[in-house]
Amino acid sequence: MKIWGHRGAYSSAPENTLVGFQMGAQMGADGVELDIQLTKDREIVVIHDETVDRTSNGQGWVKDFTLSEIKKLNFNKSGRTEPFFMEVPTLAEVLELLKPTGLTINIELKTGVIYYDGIEPIALKLVEKYGICDRIIWSSFNHYSVQKIKLLEPSSKTALLCGGEILVTGEQCEKVGAEALHPSIHMLRYPSLAEDCRKRGILIRPWTVTNDDDLSLARDLGVDAVMVNRIDWAKGVLADGN
(Lines give C-alpha, C1' and ligand atoms only; values in the text may rest on other atoms or scores of the structure.)
Protein backbone atom coordinates (compact mmCIF):
# COMPACT_ATOMS: atom_id res chain seq x y z
CA MET A 1 0.00 0.00 0.00
CA LYS A 2 1.44 3.34 -1.08
CA ILE A 3 1.45 6.53 0.97
CA TRP A 4 0.44 9.77 -0.75
CA GLY A 5 0.81 13.17 0.89
CA HIS A 6 -2.51 15.04 0.98
CA ARG A 7 -1.95 18.49 -0.57
CA GLY A 8 1.77 17.92 -0.02
CA ALA A 9 2.85 17.39 3.58
CA TYR A 10 -0.34 18.83 5.06
CA SER A 11 0.54 18.43 8.74
CA SER A 12 4.08 19.77 8.37
CA ALA A 13 3.81 22.68 5.91
CA PRO A 14 1.18 24.96 4.37
CA GLU A 15 -1.01 22.99 1.97
CA ASN A 16 -0.39 23.01 -1.78
CA THR A 17 2.91 24.91 -1.53
CA LEU A 18 6.29 24.13 -3.04
CA VAL A 19 7.69 23.75 0.48
CA GLY A 20 4.97 21.23 1.30
CA PHE A 21 5.57 19.16 -1.83
CA GLN A 22 9.33 19.20 -1.28
CA MET A 23 8.81 18.09 2.32
CA GLY A 24 6.52 15.28 1.17
CA ALA A 25 9.28 13.97 -1.09
CA GLN A 26 11.86 14.25 1.69
CA MET A 27 9.60 12.37 4.12
CA GLY A 28 9.49 9.41 1.76
CA ALA A 29 5.97 9.65 0.38
CA ASP A 30 5.23 7.53 -2.68
CA GLY A 31 3.13 10.31 -4.16
CA VAL A 32 1.41 13.62 -3.52
CA GLU A 33 -2.09 14.90 -4.15
CA LEU A 34 -2.81 18.45 -5.30
CA ASP A 35 -5.64 20.62 -6.61
CA ILE A 36 -5.74 22.85 -9.68
CA GLN A 37 -7.80 25.87 -10.75
CA LEU A 38 -7.59 28.60 -13.41
CA THR A 39 -6.78 32.27 -12.87
CA LYS A 40 -8.45 35.11 -14.74
CA ASP A 41 -5.66 35.02 -17.35
CA ARG A 42 -6.02 31.22 -17.69
CA GLU A 43 -2.92 30.14 -15.78
CA ILE A 44 -3.16 26.95 -13.74
CA VAL A 45 -2.49 27.44 -10.03
CA VAL A 46 -2.34 24.83 -7.30
CA ILE A 47 -4.93 25.65 -4.66
CA HIS A 48 -7.77 23.71 -3.02
CA ASP A 49 -10.50 26.28 -2.33
CA GLU A 50 -12.26 28.28 -5.01
CA THR A 51 -11.44 31.39 -2.97
CA VAL A 52 -8.11 32.49 -1.46
CA ASP A 53 -9.67 33.49 1.87
CA ARG A 54 -8.82 30.46 4.02
CA THR A 55 -5.25 29.78 2.91
CA SER A 56 -3.89 33.28 2.18
CA ASN A 57 -3.90 36.82 3.53
CA GLY A 58 -6.20 37.89 0.67
CA GLN A 59 -9.85 37.61 -0.22
CA GLY A 60 -11.71 36.74 -3.39
CA TRP A 61 -12.27 34.08 -6.01
CA VAL A 62 -9.28 32.45 -7.68
CA LYS A 63 -10.97 33.00 -11.05
CA ASP A 64 -10.99 36.78 -10.48
CA PHE A 65 -7.21 37.10 -9.93
CA THR A 66 -4.59 37.28 -12.64
CA LEU A 67 -1.51 35.18 -11.98
CA SER A 68 0.57 38.23 -11.07
CA GLU A 69 -2.13 39.41 -8.65
CA ILE A 70 -2.57 36.08 -6.87
CA LYS A 71 1.22 35.66 -6.64
CA LYS A 72 1.36 38.76 -4.39
CA LEU A 73 -0.65 37.00 -1.67
CA ASN A 74 0.97 35.08 1.18
CA PHE A 75 -0.11 31.44 1.31
CA ASN A 76 1.82 30.81 4.52
CA LYS A 77 -0.98 32.49 6.45
CA SER A 78 -0.19 30.76 9.74
CA GLY A 79 3.55 31.45 9.52
CA ARG A 80 4.32 28.04 11.05
CA THR A 81 7.24 27.19 8.76
CA GLU A 82 9.87 29.16 6.89
CA PRO A 83 9.94 30.98 4.57
CA PHE A 84 7.23 33.10 6.10
CA PHE A 85 6.07 34.31 2.68
CA MET A 86 4.97 31.59 0.25
CA GLU A 87 3.39 32.17 -3.14
CA VAL A 88 0.65 30.02 -4.60
CA PRO A 89 2.52 27.73 -7.02
CA THR A 90 1.62 27.22 -10.64
CA LEU A 91 1.17 23.67 -11.84
CA ALA A 92 4.28 24.15 -13.97
CA GLU A 93 6.34 25.06 -10.88
CA VAL A 94 5.13 21.96 -9.03
CA LEU A 95 5.88 19.67 -11.98
CA GLU A 96 9.35 21.23 -12.30
CA LEU A 97 9.98 20.57 -8.60
CA LEU A 98 8.66 17.01 -8.54
CA LYS A 99 9.96 15.77 -11.90
CA PRO A 100 13.30 14.53 -10.45
CA THR A 101 11.66 12.82 -7.44
CA GLY A 102 9.87 9.98 -9.23
CA LEU A 103 6.75 10.59 -7.11
CA THR A 104 3.27 9.82 -8.39
CA ILE A 105 1.29 13.05 -8.74
CA ASN A 106 -2.48 13.02 -8.24
CA ILE A 107 -3.91 16.13 -9.90
CA GLU A 108 -7.45 16.91 -8.80
CA LEU A 109 -9.40 19.04 -11.27
CA LYS A 110 -11.45 21.44 -9.14
CA THR A 111 -14.31 21.80 -11.58
CA GLY A 112 -17.19 20.89 -9.30
CA VAL A 113 -18.16 24.38 -8.11
CA ILE A 114 -16.79 26.46 -10.99
CA TYR A 115 -16.37 24.80 -14.35
CA TYR A 116 -13.08 26.13 -15.66
CA ASP A 117 -13.66 25.71 -19.37
CA GLY A 118 -10.53 24.40 -21.09
CA ILE A 119 -8.57 23.52 -17.94
CA GLU A 120 -8.21 19.87 -19.02
CA PRO A 121 -6.27 20.43 -22.29
CA ILE A 122 -4.10 23.12 -20.68
CA ALA A 123 -3.16 20.78 -17.83
CA LEU A 124 -2.54 17.83 -20.16
CA LYS A 125 -0.24 19.94 -22.33
CA LEU A 126 1.79 20.99 -19.28
CA VAL A 127 2.24 17.42 -18.08
CA GLU A 128 3.28 16.36 -21.57
CA LYS A 129 5.83 19.17 -21.65
CA TYR A 130 7.52 17.79 -18.55
CA GLY A 131 7.47 14.22 -19.86
CA ILE A 132 5.88 12.66 -16.80
CA CYS A 133 2.48 11.57 -18.14
CA ASP A 134 3.00 8.04 -16.79
CA ARG A 135 3.27 9.39 -13.22
CA ILE A 136 0.06 11.45 -13.27
CA ILE A 137 -3.33 10.41 -11.92
CA TRP A 138 -6.20 12.73 -12.88
CA SER A 139 -9.14 12.87 -10.47
CA SER A 140 -12.28 14.93 -10.00
CA PHE A 141 -15.71 14.98 -8.38
CA ASN A 142 -16.85 16.19 -11.81
CA HIS A 143 -17.20 13.08 -13.97
CA TYR A 144 -17.31 15.19 -17.13
CA SER A 145 -13.78 16.45 -16.42
CA VAL A 146 -12.55 12.87 -16.06
CA GLN A 147 -14.27 11.92 -19.31
CA LYS A 148 -12.71 14.90 -21.07
CA ILE A 149 -9.21 13.91 -19.93
CA LYS A 150 -9.79 10.41 -21.33
CA LEU A 151 -11.17 11.79 -24.58
CA LEU A 152 -8.20 14.11 -25.08
CA GLU A 153 -5.58 11.57 -23.97
CA PRO A 154 -6.90 7.97 -23.78
CA SER A 155 -3.73 6.69 -22.13
CA SER A 156 -4.25 8.96 -19.10
CA LYS A 157 -4.85 7.34 -15.72
CA THR A 158 -7.99 8.68 -14.08
CA ALA A 159 -10.06 8.34 -10.91
CA LEU A 160 -13.49 9.39 -9.69
CA LEU A 161 -13.72 11.13 -6.33
CA CYS A 162 -16.56 10.70 -3.87
CA GLY A 163 -17.28 12.05 -0.43
CA GLY A 164 -19.98 13.42 1.82
CA GLU A 165 -23.08 11.25 1.48
CA ILE A 166 -22.74 10.45 -2.23
CA LEU A 167 -21.26 7.03 -2.94
CA VAL A 168 -19.72 6.36 -6.34
CA THR A 169 -19.52 2.74 -7.47
CA GLY A 170 -17.05 0.67 -9.42
CA GLU A 171 -19.64 0.44 -12.19
CA GLN A 172 -19.68 4.23 -12.51
CA CYS A 173 -15.88 4.24 -12.78
CA GLU A 174 -16.13 1.74 -15.63
CA LYS A 175 -18.67 3.89 -17.47
CA VAL A 176 -16.31 6.88 -17.67
CA GLY A 177 -13.18 4.79 -18.19
CA ALA A 178 -11.69 5.57 -14.77
CA GLU A 179 -9.21 3.01 -13.45
CA ALA A 180 -9.64 4.02 -9.83
CA LEU A 181 -12.04 5.28 -7.17
CA HIS A 182 -10.90 7.84 -4.58
CA PRO A 183 -13.52 7.67 -1.80
CA SER A 184 -13.63 9.36 1.57
CA ILE A 185 -12.16 6.84 4.03
CA HIS A 186 -15.46 6.35 5.88
CA MET A 187 -17.00 4.97 2.70
CA LEU A 188 -14.73 1.92 2.87
CA ARG A 189 -16.88 0.75 5.78
CA TYR A 190 -19.73 0.15 3.35
CA PRO A 191 -19.28 -3.62 2.94
CA SER A 192 -19.88 -3.98 -0.79
CA LEU A 193 -17.73 -1.12 -2.09
CA ALA A 194 -14.26 -2.66 -1.91
CA GLU A 195 -15.52 -6.07 -3.02
CA ASP A 196 -17.29 -4.60 -6.06
CA CYS A 197 -14.25 -2.55 -7.09
CA ARG A 198 -11.98 -5.57 -6.69
CA LYS A 199 -14.20 -7.68 -8.95
CA ARG A 200 -14.10 -4.98 -11.61
CA GLY A 201 -10.37 -4.33 -11.34
CA ILE A 202 -10.93 -0.79 -10.06
CA LEU A 203 -8.17 0.49 -7.76
CA ILE A 204 -9.13 2.20 -4.49
CA ARG A 205 -7.23 5.12 -2.95
CA PRO A 206 -9.11 6.59 0.04
CA TRP A 207 -8.74 10.07 1.53
CA THR A 208 -7.94 11.39 4.12
CA VAL A 209 -6.64 8.69 6.48
CA THR A 210 -5.88 10.18 9.89
CA ASN A 211 -5.91 7.38 12.49
CA ASP A 212 -4.57 3.87 13.07
CA ASP A 213 -7.95 2.14 12.73
CA ASP A 214 -8.65 3.64 9.31
CA LEU A 215 -5.11 2.94 8.14
CA SER A 216 -5.48 -0.69 9.22
CA LEU A 217 -8.87 -0.93 7.49
CA ALA A 218 -7.37 0.36 4.23
CA ARG A 219 -4.46 -2.04 4.46
CA ASP A 220 -6.69 -5.02 5.25
CA LEU A 221 -8.88 -4.22 2.24
CA GLY A 222 -5.83 -4.15 0.00
CA VAL A 223 -6.22 -0.62 -1.34
CA ASP A 224 -3.63 0.70 -3.78
CA ALA A 225 -2.74 3.87 -1.85
CA VAL A 226 -3.94 6.08 0.99
CA MET A 227 -3.88 9.87 1.13
CA VAL A 228 -2.67 11.11 4.50
CA ASN A 229 -1.90 14.36 6.28
CA ARG A 230 0.92 12.83 8.36
CA ILE A 231 3.29 10.98 6.06
CA ASP A 232 5.82 10.01 8.76
CA TRP A 233 3.07 8.60 11.01
CA ALA A 234 1.58 6.46 8.22
CA LYS A 235 4.95 5.11 7.18
CA GLY A 236 5.79 4.32 10.79
CA VAL A 237 2.54 2.42 11.40
CA LEU A 238 2.96 0.36 8.25
CA ALA A 239 6.60 -0.38 9.07
CA ASP A 240 5.59 -1.62 12.54
CA GLY A 241 2.89 -3.81 11.04
CA ASN A 242 0.31 -2.66 13.55
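Could you tell me what percent of the accessible area of the chain is made up of carbon and sulfur, with a 1.4 Å probe and every protein chain present?
So the carbon and sulfur contribution to the accessible surface is 51 percent.
By the gyration tensor of its Cα atoms, with a ≥ b ≥ c the square roots of the eigenvalues, what is the shape of the range 1-129: rounded for a/c under 1.5, prolate for a/b over b/c, or oblate?
Oblate shape, in that a/c is at least 1.5 and b/c is the bigger or equal ratio.
Please figure out what share of the DSSP beta bridges in the chain is antiparallel and state it in percent, rounded to the nearest 5.
The answer is about 15 percent antiparallel.
Given contacts defined as C-alpha pairs under 8 Å and at least six residues apart, what's the relative contact order of the chain, whole-number percent? Intermediate values should be presented prior to the final figure.
Numbers: 490 pairs, mean separation 46.8, N = 242.
Once normalised by length, the contact order is 19 percent.
Have a look at SER145, THR90, ILE122 and report the one farthest towards the positive end of the charge dipole of the chain, computed about the Cα centre with Cβ charges (Lys/Arg +1, Asp/Glu -1).
Farthest towards the positive pole: ILE122.
Sorted by accessible area (1.4 Å probe), largest first, how do ASP196, ASP64, ASP240 line up?
ASP240, ASP64, ASP196
Which whole-number value in Å² is the accessible area per residue of the chain, probe 1.4 Å?
Accessible area per residue: 45 Å².
If the reach is capped at under 20 angstrom between alpha carbons, list the aspartates and glutamates near LYS150, excluding any in the same chain fewer than eight residues apart.
GLU33, ASP35, GLU108, ASP117, GLU120, GLU128, ASP134, GLU171, GLU174, GLU179
Of PRO83, PRO206, PRO14, which has the largest mean-square fluctuation in a 10 Å C-alpha GNM of the chain?
PRO83
Kindly state, to the nearest 0.05, the FRET efficiency for ASP220 paired with SER68, given R0 = 45 Å and r defined as their beta-carbon distance.
Once the sixth-power term is evaluated, E becomes 0.40.
Run the count for the range 53-140, please: Lys pairs, Cα-Cα under 21 angstrom, 8 or more apart or on different chains.
Value for the range 53-140: 9.
Counting only protein chains, not ligands or nucleic acids, how are GLU165, GLU96 ordered by accessible area (probe 1.4 Å), most first?
Correct descending sequence by accessible area is GLU165, GLU96.
Give the distance, in whole Å, between the Cα centre of the range 186-229 and the Cα centre of the range 1-27.
Cα centroid of the range 186-229 versus Cα centroid of the range 1-27: 20 Å apart.
Sorting TYR115, TYR144 by accessible area (1.4 Å probe), largest first, what list results?
TYR144, TYR115
The values are calculated or read from the model by the stated rules, or taken from the named source; none is laboratory data. Everything quoted here is computed from the prediction, not taken from an experiment. Every residue, glycine as well, gets a Cβ built from its backbone with ideal geometry; the counts of neighbours run over all protein chains shown. When the accessible area is computed, the model is the full protein with side chains, heavy atoms only, and any ligands, DNA or RNA have been set aside. Shrake-Rupley method; radii C 1.70, N 1.55, O 1.52, S 1.80 Å.
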